[in-house]
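J.: This is the structure I have questions about; it appears just below.
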Amino acid sequence: MNYVYLLEASDGTLYTGWTNRLDQRYRTHCQGKGGKYTRAKKRLKLVYVEIFSDKREAMSREWHIKQMSREEKLALIGRRKRSKKKSGYCIRSVRI
């Protein structure tokens, strides 16, 4: 399976990505080892997921979501029920 997902940082910003291992990728983001953008964020919350059987479809959908405005992304998130399993923020400590 392939997943397109949106993360919300504690500052309200949104990050869009795709993966074929959602749980592992989410943990990676939470540990500060994910995408360059998410490494700088202390708290991340998985707020949206779409599932695809085809990798190309998932990558195409990721690109389309990245082209959306913030308002369009928020509307997209609002159309789906949030997973209770993933509803909390992951919090990681940051060394200074």
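The values are calculated or read from the model by the stated rules, or taken from the named source; none is laboratory data. None of the values given here were measured: they were computed from a predicted structure. Virtual Cβ from ideal backbone geometry, glycine too; neighbours counted across all protein chains shown.
J.: Please tell me if residue 56 is loosely packed, with under 13 Cβ neighbours inside 10 Å, modelled with pLDDT of 95 or more and part of a helix (DSSP H, G or I). Steps first, answer last, please.
T.: Values: loosely packed, with under 13 Cβ neighbours inside 10 Å: yes; modelled with pLDDT of 95 or more: yes; part of a helix (DSSP H, G or I): yes.
Spelling it out, residue 56 is indeed loosely packed, with under 13 Cβ neighbours inside 10 Å, modelled with pLDDT of 95 or more and part of a helix (DSSP H, G or I).
J.: Can you tell me which condition residue 62 does not meet? The list is (1) touching a Gly at 6+ places or on another chain (Cβ under 8 Å); (2) at pLDDT 95 or above; (3) surrounded by fewer than 12 Cβ atoms within 10 Å (Cβ to Cβ), and all the others hold.
T.: Unmet for residue 62, out of (1) touching a Gly at 6+ places or on another chain (Cβ under 8 Å); (2) at pLDDT 95 or above; (3) surrounded by fewer than 12 Cβ atoms within 10 Å (Cβ to Cβ): (3).
J.: If we keep just the residues of the stretch 2-32 that are among the aromatic types (Phe, Trp, Tyr) and assigned to a strand (DSSP E or B), which is surrounded by the most Cβ atoms within 10 Å (Cβ to Cβ)?
T.: It comes out as 5.
J.: Here's another thing I want to ask about it. Under 6 Å by Cβ, and 6 or more places apart or on different chains, what pairs join a residue from the stretch 46-67 that is within 12 Å of residue 20 (Cα to Cα) with one that is surrounded by fewer than 18 Cβ atoms within 10 Å (Cβ to Cβ) and at pLDDT below 95?
T.: Close Cβ pairs (under 6 Å, with a partner that is surrounded by fewer than 18 Cβ atoms within 10 Å (Cβ to Cβ) and at pLDDT below 95) amount to 51/1.
J.: Search the stretch 17-52 for residues being polar (S, T, N, Q) and modelled with pLDDT under 95, and hand back the single one that is nearest to residue 78 (Cα to Cα).
T.: 38
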